[in-house]
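Accompanying notes for the structure given below.
The values are calculated or read from the model by the stated rules, or taken from the named source; none is laboratory data. If you're wondering where the values come from, they're calculated on a predicted model, not measured in any experiment. Note that each Cβ is placed from the backbone with ideal geometry, even for glycine, and that neighbours are counted across all protein chains shown. All accessible areas refer to the heavy atoms of the entire protein, side chains included, with ligands and DNA or RNA removed. Shrake-Rupley method; radii C 1.70, N 1.55, O 1.52, S 1.80 Å.
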Amino acid sequence: MTAPLLIAGMWGTTNLRLFLLQEAEKDVTVLDEREGPGAAFLSSPSDFPRVLNEIAADWLSRSDVQAIVIGGMVGSSIGWTDAGYTECPVPAEGLGSVITHLSDERPVRIVRGLICTGPCGHTDVMRGEEIESAG
């Protein structure tokens, strides 16, 4: 039996990076990767599913793809949907709890950004870096 597949990606301001991943026991193998335009190059939220379908159509047609998880600017005010932010601290194991579920043609999960407020009241945000640092 073939292990299920995951499409994971980072949709930043300037670039989209998608990976087709397969998990077997505790190892993850990158089977393929693709690139596309970043969020700043798309003119409306409806462009996001179109671009995803164009770039990964063959992956999306596979029955063994179990999930699509994307982080970065895709969940910002210039993205597919404004997923908002989750207050820090969030442990790496808890990043799964900060996901916005979209119910378009396919189940797409967008990891929300993180926001931290310092002792002086200044805020700092991460949108995508939290995924990169947690793996």
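Among the strands (runs of 3 or more DSSP E) contained in the range 1-91, which hold 1 or more residues that are open to solvent by 20 Å² or more (accessible area, probe 1.4 Å), charged (D, E, K, R) and more than 16 Å from V108 (Cβ to Cβ)?
15-24, 27-37, 85-87
Look at A24 and say whether it is without any contact (Cβ under 8 Å) to a residue 40 or more places away in the chain and either more than 18 Å from R127 (Cα to Cα) or of a type in the set (D, E) (or both).
For A24, the condition - without any contact (Cβ under 8 Å) to a residue 40 or more places away in the chain and either more than 18 Å from R127 (Cα to Cα) or of a type in the set (D, E) (or both) - is met.
Contact list please: Cβ distance under 7 Å, first residue in the range 1-13 and of a type in the set (S, T, N, Q) and modelled with pLDDT under 90, second residue in a loop (DSSP other than H, G, I, E, B) and open to solvent by 20 Å² or more (accessible area, probe 1.4 Å), pairs at least six apart or on different chains.
T2/D64
Can you tell me which residue in the range 92-135 is modelled with the lowest pLDDT, limited to those that are open to solvent by 80 Å² or more (accessible area, probe 1.4 Å), assigned to a loop (DSSP other than H, G, I, E, B) and more than 21 Å from F19 (Cα to Cα)?
P119
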